[in-house]
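Worksheet for the structure shown next.
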Amino acid sequence: MAASDISLAELTRKAAKPDRWDDPMDPNMTDADVEGLMAVEPFCVMDEKAFPSSMPLREILRADTAIRSYQPGEIVVRRGDYGTSAYLVLGGEVEVILKPHLDPRLLGRAATEKKKGFVSRLAQLWSNNPEPEGWDEASLRVSDDFKNSVNSEDNSVFLQDFPRVISTTETAKLHEGQMFGEISALSRMPRTATVVASAQGTRLLEFSWQGLRDLMRYDVALKGQIDSNYRKYSLSSFLAKLPLFSHMEVNSPQFHALCNEAQLETFGDYGWSGEYKKLAAGGDPDTKATEPLVVKEGEYCNGIHLVRAGFCRVSQKYGGGERTLKYIGAGQVFGFDDVVRQRVNPEQDAVSLFTLRAMGYADLIFIPTATLVRYVPSHLLDADHAAVDPQGKKPSKKARARQGDERIHPPTKLMEFVAEQRFFNGTQSMVIDMDLCTRCDDCVRACASTHDGNPRFLRHGPMMDNLMVANACMHCVDPVCMIGCPTGAIHRSSHGGEVVINPASCIGCTICANNCPYDAIRMVEVRTKKGHFWVDEQQKPLLKATKCDLCIEQASGPACQNACPHDALTRSDLSQENSLIQWLKKR
Ligand code: SF4
Ligand code: SF4
Ligand code: SF4
């Protein structure tokens, strides 16, 4: 073969393979490692011929897995963390901690967040440091249990007093050949349990979610096993919480049949935040064109789609283009009105009146109409219930009246803005009415005075007409900042679910700041109260991640909002357009 042919073949191979293979999960994975993996289950029983030449089984193992070694007591995953990896036990064993749940301090989290009392709040007014980020030792001190548990060379974290902890909790052991973490990795849900290595020489194979997805795509047995676990442990609890199925007995044969008839669908790219960042950096985050189509207006669709995780855009043809009607997130349903319409007028074709697209990433469950008819009481599928479905909802008198009010933006314009900027992800976005804001900076000062002399937000951000969404943590539904924090320092608070950072266990690695699609995390060099930098053993300044914590310690709530003398600033759940419209209407 001529040299030019070889390079052409190589070029063709490179063009066909996924980009992620240029950056393998473990650059040290050798041919011998891949051979070794091919000798163990489940890979030894997979049919290599079922994998396409552009995605051979061995290449998936080489690019999308890593062999990791663990010491007894080393934490593999923490309950409540978000993660994109699944694990297979290659050797040794791990313990899954079932109950009681571990003290948060053992996992690098802050102890239960307490509201500051009146005296502390008063003291905070005069104890502020002239230097920003003047932190006292207590706030940086790692809890005694967590101290020394982080290995600074590889950021591994150990559960302190592991034998005692294990002897006082109910656990399940997992041995060679058993897998864990796959449901959380594939459905972007928080980990439901903490898993700790418990034997010398424990070796785990870590899969990226993309690798696991591709293995499932071409290996029927693995897909069947993971689907079955998903239906048993995750889907059933999700469906049981929905009003449509709440009348069903969870252990009944009918409910099991419902779970089996539900079809699991995943659309879009899990790494949407990275893509969004690139698009936003390019100046025009118009991502509609790249959103995977789930249902197209006018095409056959005989059932409903339930959103399990992620977000979708519902749109309809308008003039020569399309307009967004709404975006739906976890627990919301698409297609209910079409099902009802079809039942009322069976002679009509089962076509959708709307288009549904995954925004970034969406994990959906499709329930066919026949299944709905079989398990949902008929009165819930009549026209009255369709009327309460948001897609078919007629605007109320109040909503129509509002549209005549010049201060209120047409809902579709606001929706387009929120959707294009991906703000539907935020439950507590900071919105400022710039017509009312006098730029007095009282909000900024209030935030600084409650947070070590440095505000935790920037008073600028994307604008739609007079509304600005400021650069502050939005406390997202899908907090991608939490993926990969090695110490568990960034976490959801156990009370309100706010995304907070425990400064004591933050090691300043910047992973969270790089992951946040909204640039809401700032890395700061922290100082003593006297203004000197805190330094590590190598005399390097200590770096900590900081962001809006929604004033979790302030009994009166967000200081920025309370400080605004003009009621120009609010914290709003932008996935619920009405909450913002109500605020605008009130003033
Ligand atoms: S830091 Fe970013 S990703 Fe994390 S919750 Fe806040 S806005 Fe969302
Ligand atoms: S910088 Fe962020 S990801 Fe790294 S340890 Fe701190 S909180 Fe965790
Ligand atoms: S809620 Fe508190 S921490 Fe967040 S921006 Fe407002 S004042 Fe700052």
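The values are calculated or read from the model by the stated rules, or taken from the named source; none is laboratory data. Just so it is clear, the structure is predicted and the values come from calculations on it, not from any experiment. Every residue, glycine among them, receives a Cβ derived from its backbone with ideal geometry; neighbour counts consider all protein chains shown. Calculation scope for accessible area: heavy atoms of the full protein, side chains included, ligands and nucleic acids excluded. Shrake-Rupley method; radii C 1.70, N 1.55, O 1.52, S 1.80 Å.
When only the Cβ of Lys, Arg, Asp and Glu is charged (+1, +1, -1, -1), the dipole of the range 208-271 relative to its Cα centre reaches about 120 debye.
Annotation note: chymotrypsin sites (Phe, Trp or Tyr not before Pro) in the range 196-252 located in DSSP loop regions with a Cβ neighbour count of at most 13 within 10 Å are absent. Summing Lys and Arg as +1 and Asp and Glu as -1 over all other residues whose Cβ lies under 11 Å from the Cβ of residue 94 gives a net charge of -2.
Once the 1.4 Å probe is applied to the protein heavy atoms, the range 167-253 comes out at 47 Å² accessible per residue. For the range 423-475, trypsin sites (Lys or Arg not before Pro) are listed when DSSP marks them as loop and at most 16 other Cβ atoms sit within 10 Å of their Cβ; the list is 439. Length gained on full extension, residue 463 to residue 38, computed as 0.36 nm times the residue gap minus the Cα-Cα distance: 147.6 nm.
For the range 417-525, the average shadow cast by the Cα convex hull is 7.5 nm², which is a quarter of the hull's surface. Label-to-label distance for residue 103 and residue 229 is 3.1 nm, based on points extended 7 Å past Cα in the beta-carbon direction.
Computed from point charges on the beta carbon alone (+1 for Lys and Arg, -1 for Asp and Glu), the dipole magnitude for the range 508-587 about its Cα centre is near 260 Debye. Give the relative contact order (percent, whole number) for the range 316-386; include only Cα pairs under 8 Å separated by 6+ residues. Once normalised by length, the contact order is 35 percent. Accessible surface of the range 450-569, 1.4 Å probe: 52 percent of it comes from carbon and sulfur atoms.
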